[in-house]
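Following: one structure in structure tokens, then a few remarks.
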Amino acid sequence: DKNNQQNKLEFSIYAAAALIELLRRQRDAYGLTTFHETIDYHSQVKSNAAHQRLVFNQLEQLLDAQLELKHTSAVQNLHHISEMIHKRSLVIIFSDMFDNSEREDDLTNALQHLKHNKHEVILFHVVDRSKELDFEFENRPYRFLDMETGEEVKLNPNEVKEQYITEVKAREKELKFKCGQYGIDYVAADVGKDFKQVLLPFLMKRKNMR
């Protein structure tokens, strides 16, 4: 669903901007990395006003960009990011954790790579809970479009709802469990709710790190 994907992107951009503003006020240095198939943008880590303008400009461009069908390689790019960040850092990830990788373990291994390199990690798992997890659609035919592959499926949601919910919630539970194993802070971020669900876990993490 293109609107669903756009909502997740917008939520992530505004949430990231809010965290950047908090970091600026605390006079902490920060950087920004965005990716699809490859890394699109990777900034330096700074804390001055010019850097904030540059990073906000990148977020604004991402917000204004026309959303297109693009493959996402979270696995490959998280491994790259792990090697690009040389100083021990707090790494904050906004992702729906959908990837073209055929093996689910590849994603959690990529997250583990960040921890192996001594970074602290918060994963904000960005979802539209009502649509993606609870599958709340009217009882009528819909056309579903995979934003990663372009594959199109026509079906009545009620025909697959029970099986879909079972599988997607099992996947979420497994991701949460793996993050716990690796010492990664897992936060479910629902685009239907406000940014407190992002700001409060971040502030708690910062407090515990000091």
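Given the residues 109, 77, which is the only one that is buried (at least 19 other Cβ atoms within 10 Å of the Cβ), at negative phi and at pLDDT below 95?
Selected residue: 77, the only one of 109, 77 that is buried (at least 19 other Cβ atoms within 10 Å of the Cβ), at negative phi and at pLDDT below 95.
Of the residues making up the stretch 149-193, those that are closer than 18 Å to residue 128 by Cβ, outside any helix (DSSP H, G or I) and open to solvent by 90 Å² or more (accessible area, probe 1.4 Å) number 1. For residue 66, the conditions (1) open to solvent by less than 90 Å² (accessible area, probe 1.4 Å); (2) among the polar types (S, T, N, Q); (3) at pLDDT below 90 all hold with the exception of (1).
Looking across the stretch 13-32, the residues that are open to solvent by less than 70 Å² (accessible area, probe 1.4 Å), touching a Leu at 6+ places or on another chain (Cβ under 9 Å) and in contact (Cβ under 8 Å) with a residue 24 or more places away in the chain come down to 13, 15, 16, 17, 18, 19, 20, 22, 30, 32.
In the stretch 166-178, the residues that are of a type outside the set (Phe, Trp, Tyr) form Cβ pairs under 8 Å with partners that are open to solvent by 60 Å² or more (accessible area, probe 1.4 Å) and in a helix (DSSP H, G or I), at six or more places apart or across chains, as follows: 171/104; 174/104. The set of residues from the stretch 3-62 being of a type in the set (Gly, Ala, Ser) and in a helix (DSSP H, G or I) comprises 12, 15, 16, 17, 18, 49, 50.
If the condition is being surrounded by fewer than 15 Cβ atoms within 10 Å (Cβ to Cβ) and either assigned to a helix (DSSP H, G or I) or of a type in the set (Asp, Glu) (or both), then the stretch 198-210 contributes 199, 200, 203, 204, 207, 208, 209. Scanning the stretch 113-148 for residues that are basic (Lys, Arg) and not in a helix (DSSP H, G or I), we see that the one that is farthest from residue 96 (Cα to Cα) is 140.
Quick grid of which residues meet (1) in contact with a helix residue (DSSP H, G or I) (Cβ under 9 Å, 6 or more places away or on another chain); (2) without any contact (Cβ under 8 Å) to a residue 12 or more places away in the chain; (3) closer than 20 Å to residue 109 by Cβ:
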{"residue": "125", "(1), (2), (3)": "yes, no, yes"}
{"residue": "132", "(1), (2), (3)": "yes, no, no"}
{"residue": "139", "(1), (2), (3)": "yes, no, no"}
{"residue": "155", "(1), (2), (3)": "no, no, no"}
{"residue": "159", "(1), (2), (3)": "no, yes, no"}
{"residue": "181", "(1), (2), (3)": "yes, yes, yes"}
{"residue": "192", "(1), (2), (3)": "yes, no, no"}
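For the residues 146, 185, 128, the requirement of being in contact with a Pro (Cβ under 7 Å, 6 or more places away or on another chain) and closer than 19 Å to residue 95 by Cβ singles out 185. Of the set (1) at pLDDT 85 or above; (2) out of contact with any strand residue (DSSP E or B) (no Cβ under 6 Å at 6 or more places or on another chain); (3) buried (at least 19 other Cβ atoms within 10 Å of the Cβ); (4) not hydroxyl-bearing (Ser, Thr, Tyr), all apply to residue 139 but (3). Of all residues in the stretch 33-61, those that are free of Cβ contacts under 8 Å to residues at least 40 places away in the same chain and of a type in the set (Val, Ile, Thr) have Cβ atoms under 9 Å from Cβ atoms of residues that are in a helix (DSSP H, G or I) and open to solvent by 40 Å² or more (accessible area, probe 1.4 Å), 6 or more apart or on another chain, in 34/58; 34/62; 38/76; 38/80.
The values are calculated or read from the model by the stated rules, or taken from the named source; none is laboratory data. It should be emphasised that the depicted structure is a prediction, and the values quoted were computed from it without experimental measurement. Cβ atoms come from the backbone with ideal geometry, glycine included; neighbour counts cover every protein chain shown. Just the protein is used for accessible areas: all its heavy atoms, side chains included, with ligands, DNA and RNA removed. Shrake-Rupley method; radii C 1.70, N 1.55, O 1.52, S 1.80 Å.
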